[in-house]
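The values are calculated or read from the model by the stated rules, or taken from the named source; none is laboratory data. Values in this document were obtained by computation on a predicted structure and should not be read as measured data. Here the Cβ positions follow ideal geometry from the backbone for every residue, glycine too, while neighbour counts run over all protein chains shown.
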Amino acid sequence: MDIDIVSVFPEYFDVLDLSLLGKAKDKGLISVCAHNLRDWTHDVHQSVDDTPVGGGAGMVMKPAVWAECLDELLGLPADAPAQETALPDRPILIFPNPSAPLFTQQDATELSHAQHLVFGCGRYEGYDARIPAYYRERGVDVREYSIGDYVLNGGEVAVSVMLEAITRLLPGFMGNPDSIIEESYTGGNALLEHNQYTKPASWRGLDVPAVLLSGDHAKVDRFRRDEALEKTNRIRPDLIAQLDCHALSKADRKT
Ligand code: 6GU
């Protein structure tokens, strides 16, 4: 998977080399390149933003600079006509945006199958809405995502979050792929995960639930499923409401 990231703070992504993502780079699973948007400016001040049309506080990122950069990274000719351009590797263009739909595990799974991802990090009050519109009109798969209901100063942290969620799903990335199947938000199950315990069975007066020591796998499975259901119902009732009608068995419904 080839990953391009555009930002006015590309150094922010130097830390990717330190994390598990660095391992994926070393294994040749991904190739990441962080670019400085200012490299595509032509003025001495290397300005990337301007005041909002219609008034208001803050600055908005200008479309022309972004387009020069994105045309190059996407392999799109400058001023391409508004029709689908046959792009060789079907890149997906992703803009973090606090006013967009939430990024979910399902999005991470879908994006983990892409060959080429291009992330555009906005700063200031955001970016000109014609940037995503322009590339959509030319057949690019453009996505805008928020990572949660809170405000960050820019898209860099959000892109780091999305990248970690996506790249850990790449085949060969995780040491033990089973741990991906069991975790929360996966497999159309979308329940929070049951609690985990390790040895010792008794620690500072707190005991591991006895059923986990019973060796009865059916009972253990039932206990964990009930715990996941109870926990989800208490902490994230919205996830229970979203489950499809086949997700809950008769035994589940008793819980
Ligand atoms: Cl994607 N960007 C910014 N700036 N703030 C956010 C966000 C994204 N998601 C949640 N808050």
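Quick notes
- Matching residues in region 220-255 - criterion: being assigned to a helix (DSSP H, G or I), of a type in the set (D, E, K, R) and loosely packed, with under 13 Cβ neighbours inside 10 Å: 221, 234, 238, 250, 253, 254
- In region 189-204, the residues that are on the phi > 0 side of the Ramachandran plot reach residues that are surrounded by 10 or more Cβ atoms within 10 Å (Cβ to Cβ) and not polar (S, T, N, Q) with C-beta atoms within less than 8 angstrom, at least six apart or across chains, in these pairs: 190/239; 190/243; 190/247.
- Of the residues making up region 16-35, those that are of a type in the set (A, V, I, L, M) and either buried (at least 18 other Cβ atoms within 10 Å of the Cβ) or touching a Gly at 6+ places or on another chain (Cβ under 9 Å) (or both) are 16, 21, 24, 29, 30, 32, 34.
- Any hit, region 207-224, residues being at pLDDT 95 or above and either in contact with a strand residue (DSSP E or B) (Cβ under 8 Å, 6 or more places away or on another chain) or within 16 Å of the ligand (Cβ to nearest atom) (or both): yes
- Residue count for region 192-213, restricted to those that are among the hydroxyl-bearing types (Ser, Thr, Tyr) and in contact with a helix residue (DSSP H, G or I) (Cβ under 7 Å, 6 or more places away or on another chain): 1
- Selected residue (criterion: surrounded by the most Cβ atoms within 10 Å (Cβ to Cβ)) from residues of region 138-155 that are among the aliphatic types (A, V, I, L, M) and more than 11 Å from the ligand (Cβ to nearest atom): 140
- If you filter region 85-111 down to residues that are under 18 Å from residue 4 (Cα atoms) and surrounded by fewer than 17 Cβ atoms within 10 Å (Cβ to Cβ), you find that the one that is nearest to the ligand (Cβ to nearest atom) is 110.
- Residue 239, sole failed condition from (1) within 24 Å of residue 102 (Cβ to Cβ); (2) modelled with pLDDT of 95 or more; (3) hydrophobic (A, V, I, L, M, F, W, C): (2)
- Residues satisfying the stated conditions in region 124-137, i.e. at pLDDT below 95 and either under 11 Å from the mean Cα position of the chain (by Cα) or surrounded by 19 or more Cβ atoms within 10 Å (Cβ to Cβ) (or both): 126
- Cβ pairs under 9 Å, 6+ apart, first in region 88-99 and in the same structural domain as residue 6 (by TED's automatic domain parsing) and farther than 17 Å from residue 115 by Cα, second of a type in the set (Val, Ile, Thr) and within 10 Å of the ligand (Cβ to nearest atom): 96/147; 96/157; 96/159; 96/161; 98/147; 98/151
- In region 1-15, the residues that are modelled with pLDDT of 90 or more and either assigned to a helix (DSSP H, G or I) or surrounded by fewer than 17 Cβ atoms within 10 Å (Cβ to Cβ) (or both): 2, 9, 10, 11, 12, 13, 14
- Candidates 133, 129, 114 - the one that is closer than 20 Å to residue 34 by Cα and either among the β-branched types (Val, Ile, Thr) or more than 8 Å from the ligand (Cβ to nearest atom) (or both): 114
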